[in-house]
Protein chains: 4
Amino acid sequence: MKKNLTLDGLNAASRSDFIAELGDVVEHSPWIAEAAEPQRPFATLVNLRDAMLDVIVRAPANQRIRLIRAHPDLANKTQRAAGLTEASTSEQDSAGLDRLSDREFEMFEQLNSAYKAKFGFPFILCVRRHTKDSILDTFAKRLTHSPADEEKAAITEIGRIATLRLAGLVTSSVALSVHGELSMHVLDTHSGTPAEGVEFELVELARYGVNRSLLKAVTNRDGRTASALISGRPVPIGNYELRFQIADYYRRRGINLASPAFLDVVLIRFGVSAPEEHYHLPLLMSPWSYTTYRGS
Amino acid sequence: MKKNLTLDGLNAASRSDFIAELGDVVEHSPWIAEAAEPQRPFATLVNLRDAMLDVIVRAPANQRIRLIRAHPDLANKTQRAAGLTEASTSEQDSAGLDRLSDREFEMFEQLNSAYKAKFGFPFILCVRRHTKDSILDTFAKRLTHSPADEEKAAITEIGRIATLRLAGLVTSSVALSVHGELSMHVLDTHSGTPAEGVEFELVELARYGVNRSLLKAVTNRDGRTASALISGRPVPIGNYELRFQIADYYRRRGINLASPAFLDVVLIRFGVSAPEEHYHLPLLMSPWSYTTYRGS
Amino acid sequence: MKKNLTLDGLNAASRSDFIAELGDVVEHSPWIAEAAEPQRPFATLVNLRDAMLDVIVRAPANQRIRLIRAHPDLANKTQRAAGLTEASTSEQDSAGLDRLSDREFEMFEQLNSAYKAKFGFPFILCVRRHTKDSILDTFAKRLTHSPADEEKAAITEIGRIATLRLAGLVTSSVALSVHGELSMHVLDTHSGTPAEGVEFELVELARYGVNRSLLKAVTNRDGRTASALISGRPVPIGNYELRFQIADYYRRRGINLASPAFLDVVLIRFGVSAPEEHYHLPLLMSPWSYTTYRGS
Amino acid sequence: MKKNLTLDGLNAASRSDFIAELGDVVEHSPWIAEAAEPQRPFATLVNLRDAMLDVIVRAPANQRIRLIRAHPDLANKTQRAAGLTEASTSEQDSAGLDRLSDREFEMFEQLNSAYKAKFGFPFILCVRRHTKDSILDTFAKRLTHSPADEEKAAITEIGRIATLRLAGLVTSSVALSVHGELSMHVLDTHSGTPAEGVEFELVELARYGVNRSLLKAVTNRDGRTASALISGRPVPIGNYELRFQIADYYRRRGINLASPAFLDVVLIRFGVSAPEEHYHLPLLMSPWSYTTYRGS
């Protein structure tokens, strides 16, 4: 989904173009855009999003079930080969569902089968808010719920998916605010200054597969990165590790450390449970000590 | 080597028994005990040890070389099958040389060959002061030295080996003091008390093989363990990780944490370069922050 | 009270000597020792103490009131001039009641008058467990209690006074254990070692008078003091300040600090509410940061 | 000095108005504005300032001495009564020179006399960059310098004074950037959130007089203050104390603390030596621990 639409453009477009452009904001369900279209013009993206979600809420029960059934399984290779919407493919890839270990793949197969056997529709989750681990955890937990609760949960997740898709698809003077931020800060308490030039890596941890390196970077003059590690989108629920190369940093500054250094790589392992919040991870360090905390 | 000898017993023993008992304090070299024997009685174990090392220092050069050559290779399966001294086997096992990955085994083979090709004698190292990683690092570094330096290094290491063997073999009113200590302490800054009941693990890290779990334990009422994690012997040079299960601890105390918790397992990775020193690792923690440092 | 009595000696003494020696363990009330005497010999000091307190508990109500009335006022200059027991004088001095500011003196006068007017007996408090501030706070609070509660409180305090007097007066193979400890520890996270040679001061804070310097000392090689700042006696309830001269320390170590230094004197202000507990105050410091916490 | 002039206005003003407006940018020395005037228009305030300072540098030596002599003494009551420039009065007041203790007043008198006796001109210092303590310290130190060094120092300080006066007097699209910032941040590691509602006070410490409370405030939702404690001007060189009422904060949050609390008021005493830098003081705290450091 390329971000080349504008709200003004959508308000001015023909009815058929409007429907075509927004037909996949909710998976394979152009009827939602169709039902919302007469309410044009929309003053803000929030109004457009709310109008579309309102269509779902007001739809007859059997149509809502069809809507849920229109969604693909997670990590289903057959469906993927047959073709998902571009948005679904990109979302599943973002959570690493295209790179599963054998064990993970097997877990998804079993969970998909069990879920559909119990509820008669596929498991729906806004995967951009999750890592593989938390998808599997949520899947297993929701499998124990009642059908009524799962129908509600599916609709909630469809709303989250639609919000993120709209935010990625349409620009507007008042943006659809999508929250979530992950940032860090390294302070050198040996010199009393921000630590410039510290190499670090952000890794997403996977219980059943291979950990995934999300980024490698070097701190700037202020001990930070020019932009947050993640921003303007949910920080996927899951466990992470920041790995700071602090012995290298101190040696480059001319500080004589033994070999091996007392502190070489500092690992900060942390969990994200509220993907729309700001997770700030400061590291206060000397060659002989460090402190970390949930900052703000 | 069972610790059932006493210094008094050795002082009173027949000459031949004295030599037999101490024949392997220096690998396959009873002539050293033989040459030291006439100086009996020894007032302390330090005197006995010094007398034996003095024999080595005063020996003719070619005898010293024979002594060095009497030592086994490190991690040599053929020699191990043919039989090392009981002490050598136990020492090599303590450093994990009996459990090498293929890559590590290959590295040892290459280093042993290169070393013997260059110097004409085997690489000698007091492996009780090292982890596999630091043995490999030291091996590679010493390979670049001059023959004269390596001969000196070998004698130094033989002295260290003899000291640890004597300390393990002979009891005395004044013990041979063998230094080295590793300890930890967990303070809960959320409750202002020592953290009792924190499960933790000490792991030895291996760059070329598999990390080794050295111990699992639970903190006591004072946030410590009844005895130090390592004491009365060198803390092997190398890299380690302490892994504290702090989310479990807080949940057991009735503190409500999200899932995943912000802090679940706290990892403290640290290096040991001075095996005879005391490494004390305090952890000050709350569910949202932690501090560690080299304590005392 | 000089500590020159032994439990064995007291067990063997004549009845009259026994009573004479212990006549002031409870202020001006030799009848208590007299009533406890026939239970000799006492196996431990705890038994002796308990026997004496038991006499009080079993005494008729009017005798208990007379006992309470036998106690002096706190900080009463007239009574002091007329002569208190040696023990009372020493106890009141230890809490600084001999060095009151005008405002403090006035507060004591008013509280003494109000208390006696309401209850008909003097306010009794084991002052060795208190600072001036906490005596005044406790005084004001107890003034609001009922007569029955105050009679109970007075007896409790008399027991505490007797325990501390006995512990100071009589030695025994099994000592009367009197708990309470205050200690500190300075770690230098700039060098990774204990901070040796840090000058510091312990000050007792006074809300209505002048702060009192309790001691000045210099940290030893382990960043501590040879013995705890307070030990083997209650740490008086109150507020304190530890003042560490850290800029001086770092300058002596050759570290170049600006003038004024970012950190010069580090002040740790802390309160003691449980005088029989151990208060341990570590300071982890660099020239640019510090951490303190309730240690153990 | 009210900030009602603009650079455009000054560029467009008559020559006599230009000189009148800027006549006291350098104390009682309109000849400097007069000599700079023909270079109008000035593109930026920096250009104007540099032009005025250039006049001083290029003036004949005896005129520079007259310029220095045109400055008032610091803390001289007679001169103050006779009338200083409005700017001088306001600057001296900002440093507290209108509120001296007897001891401070005496120190200033002695230093003024000694300085003028030695150098023949008054001691000039940009007092907006200093506290009383650092004025006295700098005064005593500069008294030991050579006349040539002091003449240079006086010119440097006149430049600093002129810069701050211009920045306060004239607005411009490109402001004269005047650096210096003091800020704080309170994080609650007990709850994992910024600490909202912590009352605190900033105090300027005085060695020879009375400490001065600079501000009292309460932290906002982000654990900060809406604007920095000091910004857009130098943070006066000197020693300060931040006093945080943390027991009150925790009690309001429903956390049960003993009386007295282990931590009640947290004092952070810090020194400022580089007034144009940013001093950021975070406090990470629980009821049982705290950490502070020079942040960024």
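The values are calculated or read from the model by the stated rules, or taken from the named source; none is laboratory data. Because the structure is a prediction, the values reported are computed rather than measured. Don't worry about glycine lacking a Cβ; one is built from the backbone with ideal geometry, like all the others, and counts go over all protein chains shown. Please note that ligands, DNA and RNA were not included when accessible areas were found on the heavy atoms of the full protein model with its side chains. Shrake-Rupley method; radii C 1.70, N 1.55, O 1.52, S 1.80 Å.
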Residue check for B:Leu187: within 14 Å of chain D (Cβ to nearest Cβ) and either over 15 Å from the mean Cα position of the chain (by Cα) or not polar (S, T, N, Q) (or both): yes
Scope the stretch A:264-291; condition facing chain B (nearest Cβ under 9 Å) and either open to solvent by 10 Å² or more (accessible area, probe 1.4 Å) or within 20 Å of D:Met184 (Cβ to Cβ) (or both); matching residues: A:Asp264, A:Val265, A:Arg269, A:Ser273, A:Ala274, A:Leu284, A:Trp288, A:Ser289, A:Thr291
So, first residue touching a residue at least 60 places away in the same chain (Cβ under 8 Å) and farther than 19 Å from D:Ala61 by Cα in the stretch D:132-161, second residue open to solvent by 10 Å² or more (accessible area, probe 1.4 Å) and in a helix (DSSP H, G or I), Cβ within less than 7 Å, six or more apart or across chains; the pairs are D:Leu136/D:Met107; D:Phe139/D:Leu111
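Listed here are the residues, each with its yes/no results for (1) at pLDDT 95 or above; (2) more than 27 Å from D:Val46 (Cβ to Cβ); (3) touching a Gly at 6+ places or on another chain (Cβ under 8 Å).
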residue	(1), (2), (3)
D:Ala95	no, no, no
D:Glu104	no, yes, yes
D:Leu111	yes, yes, no
D:Cys126	yes, no, no
D:His130	yes, no, yes
D:Arg142	yes, yes, no
D:Arg160	yes, no, no
Filtering the stretch B:159-184 down to residues that are in a strand (DSSP E or B) and either of a type in the set (Gly, Ala, Ser) or open to solvent by less than 10 Å² (accessible area, probe 1.4 Å) (or both) yields B:Val170, B:Leu182, B:Ser183, B:Met184
Top-ranked residue in the stretch C:209-223 [being part of a loop (DSSP other than H, G, I, E, B) and more than 14 Å from chain D (Cβ to nearest Cβ); ranked as surrounded by the fewest Cβ atoms within 10 Å (Cβ to Cβ)]: C:Arg221
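Looking at the stretch A:28-38, can you tell me whether even one residue there is in contact (Cβ under 8 Å) with a residue 60 or more places away in the chain and aliphatic (A, V, I, L, M)?
Quick first cut of the stretch A:28-38, residues in contact (Cβ under 8 Å) with a residue 60 or more places away in the chain only: none.
Checked the stretch A:28-38: no residue is in contact (Cβ under 8 Å) with a residue 60 or more places away in the chain and aliphatic (A, V, I, L, M).
To keep it simple, each residue is scored yes or no on (1) among the hydrophobic types (A, V, I, L, M, F, W, C); (2) touching a strand residue (DSSP E or B) at 6+ places or on another chain (Cβ under 6 Å); (3) within 14 Å of chain C (Cβ to nearest Cβ).
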| residue | (1), (2), (3) |
| --- | --- |
| D:Val127 | yes, no, no |
| D:Ile135 | yes, no, yes |
| D:Pro147 | no, no, no |
| D:Ala162 | yes, no, no |
| D:Leu169 | yes, yes, no |
| D:Ser172 | no, no, no |
| D:Leu176 | yes, no, no |
| D:Gly180 | no, no, no |
Any idea which of (1) over 29 Å from the mean Cα position of the chain (by Cα); (2) within 13 Å of chain A (Cβ to nearest Cβ) is the one B:Tyr249 doesn't satisfy? (2)
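With open to solvent by less than 50 Å² (accessible area, probe 1.4 Å) and touching a Pro at 6+ places or on another chain (Cβ under 7 Å) as the only criterion, which of D:Ile246, D:Ile237, D:Ile230 stands out? Quick ask: steps written out before the conclusion?
Details: D:Ile246 fails: touching a Pro at 6+ places or on another chain (Cβ under 7 Å); D:Ile230 fails: touching a Pro at 6+ places or on another chain (Cβ under 7 Å).
Just one listed residue meets the conditions, D:Ile237.
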Against the conditions (1) more than 11 Å from every other protein chain (Cβ to nearest Cβ); (2) at positive phi, where does A:Gly238 fall short? Just the number, please. (1)
If I filter the stretch A:249-263 down to residues being in contact (Cβ under 8 Å) with a residue 60 or more places away in the chain and open to solvent by 10 Å² or more (accessible area, probe 1.4 Å), which single residue comes out as nearest to A:Val127 (Cα to Cα)? A:Arg253
